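The block underneath contains the structure these notes are about, expressed in structure tokens.
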Amino acid sequence: MKKLFFLLVLFSTSCQWSAAQIFSASDIKKHVDLLASDAFEGRGTATLGEIKAANYLADLFKSAGLKAAGTNGTYFQPFQVTIGIDGFPHQMIARNVIGFLDNGAEKTIVVGGHYDHLGKGYQSGSLSPDSKNLIHNGADDNASGTTGVIELAKYFAGNSVKEKHNFLFIGFSGEELGLLGSKYYTESPTIPLKSISAMINMDMIGRYNPDKGLIISGWGTSAAWGEIIPDLAKKQNMKYTIDSSGVGASDHTSFYLKDIPVLQFFTGTHSDYHKTSDDSDKINAEGEANILKLIAGVLEKLDNEKQDPGFLPAGNPHAGATTSNFKVTLGVMPDYSFSGKGLKIDAVSKARPAEIAGIQAGDVITKLAGKTINTIYDYMDVLGDHEKGEQVEAEFLRGTETKVVKVIF
Ligand SMILES: [Zn+2]
């Protein structure tokens, strides 16, 4: 009797625990560890490692009970990509992985994230020196977001609630080569684009730091986000910064450009970004579990709204002005979660103009080439005005101290 009582107590406390924590850090860790293991060879677009990852995703969609929503009754949507390897174009076939939770509803919410990464460094994009033939595991970018797609699919397919919307779960390929998979999907959708209420994207959600918080983009693409998210985040005691734009460096952009409200979740850049050191031991699985709980909450609220979230053009005056279009850069990684004035530096690249000039991580650039820098867009404007070899003055704050250095682009 005593023993039975003890068992009952144990049982009831463990139930309470699982209700509070709907996503399991150990499941998250399991998926990220596997997808970012050397066996998947960095999931380079259209490589064997990526096909392995696609099969893993499709198997999990199937066992969760999702319908195949790719091409020809499969979970895969193949598309052709041209990949430049050592200056030669190679025609290859990449594939999006798509599963459908069919609730018989008129409208559908898309939940996505890219599952490709930089492979073995042949397809461009690596920031590691001598990166060729080295596996870029891409644990944060984006085994973490792929895991988010898997876990949210399992959650919504397994919650014994028939939602008022259908859910379409997509693992995109070709993101690192320029959002190719999501562009292809929005040009050749497997459900009518008009039936999509909103698109939720996860790209790099594995490095949650409670001091920095979460970065949520697409805030301005629907009035619904400002109504739904603040309360949910408060309940979870989660700090966040927002970016209004629907145009950014991930797959939500493709949907935004089709007038669909979007959200993109991101835990910020770091010094392992696009390097061979983006490994799974650095993933904060507990933190990711909390982020997924927040996203599930957003999806549930969205599902229960009487009206569609409604699209708003979140005008981005700098659309298309991504840093890759510039002839010069400082070689710094901005801290996107910084909400003060200036450009806060999260990391500096070795032997690039900022490092050579003595700028360090933590510094906040307030003036560049005579122009006041309030936001990253001011910084991008300055870059657009300069050529390689030009010398300019940079003013920055280190702690409370103001410093001025000369920078040669
Ligand atoms: Zn990414």
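The values are calculated or read from the model by the stated rules, or taken from the named source; none is laboratory data. Keep in mind the model is a prediction, meaning the values are calculated, not measured. Positions of Cβ are backbone-derived with ideal geometry, glycine not excepted, and every protein chain shown enters the neighbour counts. We work out accessible area using only protein heavy atoms, side chains counted, and drop any ligands, DNA or RNA first. Shrake-Rupley method; radii C 1.70, N 1.55, O 1.52, S 1.80 Å.
Data overview
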read-out	value
Highest to lowest packing among 402-408, 363-369, scored as the average C-beta count within 10 Å	363-369, 402-408
Fraction of accessible area attributable to carbon and sulfur, the stretch 22-304 (%, probe 1.4 Å)	52 percent
Packing rank of 233-241, 258-266, where each peptide gets the mean count of other beta carbons within 10 Å, highest leading	258-266, 233-241
Helix-derived mean residue ellipticity, 222 nm - over the chain, DSSP H n ≥ 4, -39500 (n - 2.57), to 500	-9000 deg cm²/dmol
Bridge type composition, the chain - antiparallel percent by DSSP, nearest 5	65 percent
For the stretch 323-408: accessible area per residue (Å², 1.4 Å)	54 Å²
Cα-Cα separations in the stretch 227-284 greater than 18 Å, expressed as whole percent	54 percent
Accessible surface of the stretch 323-408, 1.4 Å probe, proportion on carbon and sulfur as whole %	48 percent
Relative contact order for the chain, counting Cα pairs under 8 Å that sit 6 or more residues apart, in percent	14 percent
Rel. contact order, % - alpha carbon contacts under 8 angstrom, at least six apart, the stretch 64-106	43 percent
Rg(Cα) / (2.2 N^0.38 Å) computed for the chain, rounded to two decimals	1.01
